[in-house]
Amino acid sequence: MERKIPKNFFIGAAMSGPQTEGAWKTGGRLESIWDTWSQERISDFYNKVGSYVGNNFYEKYEEDIRLMKSLGLDSFRTSMQWSRLMDENEKMNPEGAEFYHKVIRCAEDEKIELFMNLYHFDMPAYLFRKGGWENREVVEAYVNYARTAFREFGKEIRYWFTFNEPIVEPDQRYRNGFWYPFLKDAKRGMQVQYHISLAHALAVREFRKAKEEGLMREDAQIGLINCFAPPYTRENPTPEDLEALRMEDGINNRWWLDLVAEGHLPEDVLKTLSECGLMPETRPGDEEILKEGIVDWLGFNYYHPSRIQAPAEKTDENGYPKFSDPYVWPEAKMNIWRGWEIYPKGIYDFGMKMKNEYPNLKFFVSENGMGVEHEDRFRNEAGEIQDDYRIEFVSEHLDWIFKSIEDGAQCLGYHYWGLIDNWSWNNAFKNRYGMVEVDLMGNYQRKLKKSAGWIKQLIEEREK
């Protein structure tokens, strides 16, 4: 690396409840949408490993938090599971609450700052059966869940987030049909995206209320986390390519940035959606609700850029407008195992976008990591995985982050995803992201990879 970690820059780990906890039928936890999919179509999951496994964080949280501390990390982000904290009557589940209190106390004892996210694609199944995010009743149920969490844990947690990657479910469940229930309906996808936006804003309002009532820490802050993949098109673009870029950036990035920075959705995007029949249904008073969505800071998940061009066909299989097609950049460097482009400069470009277009909004890199299949190939004689490719990946991204800070970006920290190998949706454990290995055949034993020692040394050598 060319640069050292700046003095006041935090370094931590990113995780999520549904991908780590396991214990899917323990402590009063409800069935989630992932459990439903796992039970109905287990063959959709890599090696038929469904939602029930995680990496056993439910039992190993103390060991894991101590491990983070041993590596020099100062913070970690996880998520409460709606399905663990609440029951079907929308009341708090005491056993679920006690688990999160124990995790919080353990982090505090180890002097690790805990960042708590409220939603990571893991809706309780009974609410999904009511229509999920298409149903405004479910929005209200989420707001009740957020209210309950703020009031139960408000004196213990400083940093809260309403959603992780709110663009993913509209895409994966509704527009692209990759996730259960495999829909391909752009109209319903936009409705879901709109309702998640309202849910975010209403949760922020509940946070502000709880804080005004003295139920939160005085220094508590709230934010939103999204995968703001910087969009690029080809050199010498046509007007149609630039239009594709406008809508791609508008739906995936500016939609959320305008909401959390300014309290509204981008007018040009809404105008286009209205003209092409994709405008979501709204209600009187919604604009006032969206004004409540302004946050204190932002999480930026970054794995790869978005490269797009004008669509070859104007409509999809259902007759809905298509705004873009993928574009394969001839110079792309690829993570061949995951199929994602590695483009560290994208993290810098996002920092400059924030500096120039949203200068009052601070952010941190809330996820960044490299997933690799069959890492056993890289194990040395001592049994340690030699993941030099991961060290290179993180090193290059950190260099661009630190350059963005030098050039005026207000980036406050970095969380690596996922420090400890975890279950990853229907990919299960196909691609391992961790700097710490999880032995699935050996009681979920944790084993350090080479990158764990590297990150520890990097933190020890930071600017004093």
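Annotations for the structure displayed:
- Gyration tensor (alpha-carbon) shape descriptor, the range 208-335, a/c threshold 1.5: oblate
- Neighbour net charge for residue 32 - beta-carbon separation under 10 angstrom, K R +1, D E -1: -1
- Extent of the range 351-417 along its three principal axes (Cα atoms, max minus min coordinate, largest first): 50, 17, 14 Å.
- Neighbour cut-off at most 16 other Cβ (10 Å), DSSP loop, chymotrypsin sites (Phe, Trp or Tyr not before Pro), the range 147-207: 178, 182
- A DSSP coil position with no more than 14 other Cβ atoms inside 10 Å describes the following GluC sites (Glu not before Pro) in the range 371-408: 381.
- Separation between Cα centres of the range 403-464 and the range 140-160, rounded to whole Å: 27 Å
- Backbone amide hydrogens, once placed in the peptide plane, bring residue 113 within less than 5 Å of 75, 76, excluding anything fewer than 5 places away on its chain.
- For residue 80, distant residues with modelled amide H under 5 Å away: 117
- Each of 174, 277, 51 was scored by the projection of its Cα onto the charge dipole of the chain, and the greatest displacement toward the positive side belongs to 51; charges sit on the C-beta of Lys, Arg, Asp and Glu.
- Ordering 18, 30, 61 by the projection of their Cα atoms onto the charge dipole of the range 1-61, which places +1 on the Cβ of Lys and Arg and -1 on the Cβ of Asp and Glu, puts 61 at the extreme positive end.
- Among the protein heavy atoms of the chain, carbon and sulfur supply 47% of the accessible surface, probe 1.4 Å, non-protein parts ignored.
- Taken about its Cα centre, the chain carries a charge dipole of roughly 580 debye when the Cβ of each Lys and Arg holds +1 and the Cβ of each Asp and Glu holds -1.
- Look at the alpha carbon pairs under 8 Å that are at least 6 residues apart: their mean separation over the length of the range 200-273 gives a relative contact order of 21 percent.
- Alpha carbon Rg of the range 23-129, scaled by the compact-globule rule 2.2 N^0.38 Å: 1.15
- Size check on the range 349-464: the Cα extents along the three principal axes, sorted descending, read 49, 36, 20 Å.
- Derived scalar couplings ³J(HN,Hα) [the range 60-65; Karplus, 6.51 cos²θ - 1.76 cosθ + 1.60; whole Hz; x for Gly, Pro]: 10, 4, 5, 4, 5, 5
- Summing Lys and Arg as +1 and Asp and Glu as -1 over all other residues whose Cβ lies under 12 Å from the Cβ of residue 270 gives a net charge of -4.
- As an equivalent ellipsoid, the range 243-307 spans semi-axes of 21, 19, 8 angstrom, where each value is the square root of five times an eigenvalue of the C-alpha gyration tensor, largest first.
- Each residue of the range 334-340 was assigned a 3J(HN,Hα) from its phi angle through the Karplus expression (A = 6.51, B = -1.76, C = 1.60, θ = phi - 60°), giving 10, 7, 5, 6, 9, x, 10 Hz with x at Gly and Pro.
- Taking all protein chains into account, the per residue accessible area for the chain stands at 41 Å² (1.4 Å probe).
- 222 nm mean residue ellipticity, helices alone, for the chain (DSSP H n ≥ 4; -39,500 (n - 2.57); rounded to 500): -11500 deg cm²/dmol
- Rg/Rh, computed from the Cα trace of the range 285-374 with Rh as the Kirkwood radius, has the value 1.06.
- For the range 246-402, the Kirkwood hydrodynamic radius comes to 18.6 Å, computed from all pairs of different C-alpha atoms.
- For the range 173-254, the Kirkwood estimate of the hydrodynamic radius, built from every pair of different alpha carbons, is 15.9 Å.
- With the convex hull drawn around the C-alpha atoms of the range 43-193, the volume per residue stands at 128 Å³.
- Over the chain, relative contact order from alpha-carbon pairs under 8 Å, at least 6 apart, %: 18 percent
- Normalising the average separation of contacting C-alpha pairs (under 8 angstrom, six or more residues apart) by the number of residues puts the relative contact order of the range 318-464 at 24 percent.
- Rounded to 5, the percent of DSSP beta bridges in the chain classed as antiparallel: 30 percent
- Neighbourhood charge, 15 Å Cβ-Cβ cut-off, centred on residue 225 and excluding it, Lys, Arg +1 and Asp, Glu -1: -3
- Global size of the chain as Cα Rg and Dmax, reported in angstrom: 21.2, 66
- Antiparallel DSSP beta bridges within the range 265-397, percent to nearest 5: 60 percent
- Low-density loop positions, trypsin sites (Lys or Arg not before Pro), the range 51-110 - DSSP coil, at most 12 other Cβ in 10 Å: 91
- Derived scalar couplings ³J(HN,Hα) [the range 365-381; Karplus, 6.51 cos²θ - 1.76 cosθ + 1.60; whole Hz; x for Gly, Pro]: 7, 8, 8, 6, x, 10, x, 9, 8, 6, 5, 3, 4, 9, 7, 8, 5
- Residues whose amide H falls under 5 Å from that of residue 301, counting only those 5 or more places apart or on a different chain, are 226, 227, 228, 366, 367, with hydrogens built in the peptide plane.
The values are calculated or read from the model by the stated rules, or taken from the named source; none is laboratory data. What you see is a predicted model; the values in this text were computed from it and never measured. When we count neighbours, we look across all protein chains shown, and the Cβ atoms used for this are built from the backbone with ideal geometry, even at glycine. Areas reflect the complete protein model, heavy atoms only, side chains present, ligands, DNA and RNA absent. Shrake-Rupley method; radii C 1.70, N 1.55, O 1.52, S 1.80 Å.
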